[in-house]
1. For the stretch 5-109, which whole-number percentage of the solvent-accessible area (1.4 Å probe, protein heavy atoms only) is attributable to carbon and sulfur atoms?
2. Please quote Rg/Rh for the chain to two decimal places, taking the Kirkwood radius as Rh and restricting both calculations to Cα atoms.
3. Enter the accessible area per residue of the chain (Å², integer; probe 1.4 Å; all protein chains in place).
4. Roughly what would the spin-label model give for VAL103 and HIS26, points 7 Å off Cα along C-beta, in nm?
5. Please go through the residue pairs LYS59/LYS110; LYS15/LYS112; LYS15/LYS110; LYS59/LYS79 and name each one whose alpha carbons sit more than 20 Å apart in this structure.
6. Suppose the chain between THR33 and ASP17 were pulled fully straight at 0.36 nm per residue; how much longer would it get relative to their current alpha carbon spacing?
Amino acid sequence: LDINVVLRKLVCLLKPDKEIIHTGDHMVIRTITSLRDYIMDFDLGVQFEEDLGPVDGRKCQTTVSWEGDQLVCEQLGEKRNRGWRHWLEGDQLHLRMTAEDEVCVQVFQKVK
């Protein structure tokens, strides 16, 4: 995503918390870190303009929908193949992010 090396190194040190609120076809996904928070508030299957300013300074057209038991996000903009997938395996929330030919995977443990 052409994010500067200092910010990339800093982000790698973060241990984010993730909160997902799902009510009918509406979702709010909050990613909370000590550096900054990022909140996605959207309706499933409805394209919206996502302001990724806090993440990488870009805007894109985003659609989030279910594919089976995975929550899938497609982000249309200047980078091809950009998006992510969330799915559960036991008490773990998996996140697979893509941009162009790069892949990043994070695993979150459910807080009990």
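1. Carbon plus sulfur share of accessible area: 51 percent.
2. Rg divided by Rh gives 0.93.
3. Accessible surface, normalised per residue, equals 67 Å².
4. About 3.6 nm separates the two model spin labels.
5. With Cα atoms farther than 20 Å apart: LYS59/LYS110.
6. My answer for the length gained is 5.1 nm.
The values are calculated or read from the model by the stated rules, or taken from the named source; none is laboratory data. All values reported here derive from a predicted model rather than from experimental measurement. No Cβ is skipped: glycine too gets one built from the backbone with ideal geometry, and neighbour counts run over all protein chains shown. Note: areas computed on protein heavy atoms with side chains; ligands, DNA, RNA excluded. Shrake-Rupley method; radii C 1.70, N 1.55, O 1.52, S 1.80 Å.
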